Amino acid sequence: MHRKTLKVQEDTVADTPVSIREVAALAGVSVGTVSNVLNRPDVVAEPTRRRVQDAIKKLGFIRNESARHLRAGRSRTIGLVVLVDSRSPSRGQCSVSVDDVLGGDLAVSHLLDAGHEHIAFVGGPLSIRQVADRRDGAVRALERAGRAVADMHVIETPALNVSAGQRAGAAIAEITADARPTAVFCANDLLALGVLQEMTNHRIRVPEGIAIVGYDDVDFASAAAVPLSSVRQPRHQLGRAAAQLLIEEALGSGAHRHRQVVFEPDLVVRKSSRGRPRRVRRPRRPTRVAGASPADAARTAVPPTEASAAQAAG
């Protein structure tokens with residue numbers, strides 16, 4: 001199977017003011033990325049930077065400058081001295097991040113161990129570093145297992161929200177039963193929830209018909225209609241480490257040493273990915289006979305068996 005990359009379109013997001021989280025949601029990026037655009041735009045890819053700036057204009061977001069001062073009475077502006085949820089591109093500033101390549105590896109390794117051979121990745125835009133890292137982790141797991149990376153079905157989304165997940169889920173559901181992936185790894189839990197909802201709409205059972213793994217382990221993951229397996233980030237540790245680095249840099253002398261702290265995620269397995277995958281009989285590829293031409297080899301192939309759509313639906 002050739003690798004397929006699809007782009008999912010999305011409706012316009014409603015115009016609502018005005019927190020940094022709302023800007024991040026509209027732009028389809030993390031809060032850390034919005035902070036980077038505001039404080040150090042040179043570390044953000046241009047397409048992502050433009051998307052965040054457009055969201056800021058649309059929502060009428062106004063930056064609270066007072067929040068940039070750590071102590072009352074100090075005129076010194078801290079600016080962005082600690083990148084959170086983003087690895088510093090240089091040693092010139094502190095950063096706190098999660099190894100998202102490892103996170104993607106954990107998710108897909110779990111699906112491979114469960115017996116899934118045809119896995120889809122849903123996430124985007126791939127210009128967001130965290131999304132690309134999670135995809136790269138999925139690729140690493142496939143390569144280590146000796147699987148063909150080209151067989152991974154990639155659906156690139158325009159944002160990291162439920163609507164984009166629903167559209168990706170609809171695209172997956174439209175694939176014929178014999179070619180449909182048996183598992184989906186989503187770049188975040190909002191996408192995973194959208195995919196789950198669409199599977200329910202198409203009466204494809206989770207995990208019997210298709211397994212789903214998300215990323216971030218947000219609060220609703222365990223409370224979804226089918227509790228979602230998810231790669232969990234150490235959020236409290238991230239926050240504590242970022243605060244400590246910020247205080248050290250703000251109060252320290254010229255001897256302060258910039259540090260790049262990287263935490264490891266872990267996988268929380270729930271019902272959405274438990275159990276063995278459905279078994280769909282796929283057409284066998286022609287067997288090449290030594291010394292035979294491709295045409296001769298094709299004639300030795302076993303005729304394909306038609307897969308049961310009802311079986312694929314679980």
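What does the convex hull of the Cα atoms come to per residue for segment 130-184, in Å³?
Output value, Cα hull per residue: 87 Å³.
Mind checking the full-extension length gain between residue 136 and residue 257? Use 0.36 nm per residue of separation minus the Cα-Cα distance, one decimal, nm.
Residue separation times 0.36 nm, minus the Cα-Cα distance, leaves 40.5 nm.
Roughly speaking, what is the stretch gain from residue 264 to residue 57, that is 0.36 nm per residue apart minus the C-alpha to C-alpha distance, in nm to one decimal?
Length difference between fully extended and current span is 71.0 nm.
Just to check, using Stokes-Einstein with a Kirkwood Rh over alpha carbon pairs, what's the diffusion coefficient of segment 159-248 at 20 °C and 1.002 mPa s in µm²/s?
The diffusion coefficient I find is 154 µm²/s.
If amide H atoms are built 1.01 Å from N in the plane of the peptide, which residues on other chains or at least 5 residues away come under 5 Å of the amide H of residue 84?
Here 96 satisfy the definition.
Find the centroid of the Cα atoms in segment 138-160 and in segment 208-261, then give the distance between the two in whole Å.
23 Å
Which order do the peptides 160-172, 264-276 take when ranked by the mean count of other beta-carbon atoms within 10 Å per residue, highest first?
Descending mean neighbour count gives 160-172, 264-276.
What do you get when you divide the Cα radius of gyration of segment 79-234 by 2.2 N^0.38 Å, with N the number of residues?
Rg over 2.2 N^0.38 Å, computed on Cα atoms: 1.04.
Need one word for segment 149-210: rounded, prolate or oblate. Basis is the Cα gyration tensor (sqrt eigenvalues a ≥ b ≥ c); a/c below 1.5 gives rounded, then a/b vs b/c decides.
oblate
Between residue 46 and residue 143, what's the calculated FRET efficiency when r is the beta-carbon distance and R0 is 41 Å? Round to 0.05.
0.85
The numbers here are math on the coordinates, done by the rules we state, and not lab data. This one's a predicted model, so the numbers in the text were calculated from it and none came from an experiment. Because the Cβ atoms are built from the backbone with ideal geometry, glycine has one as well, and the counts that use them run over all protein chains shown.
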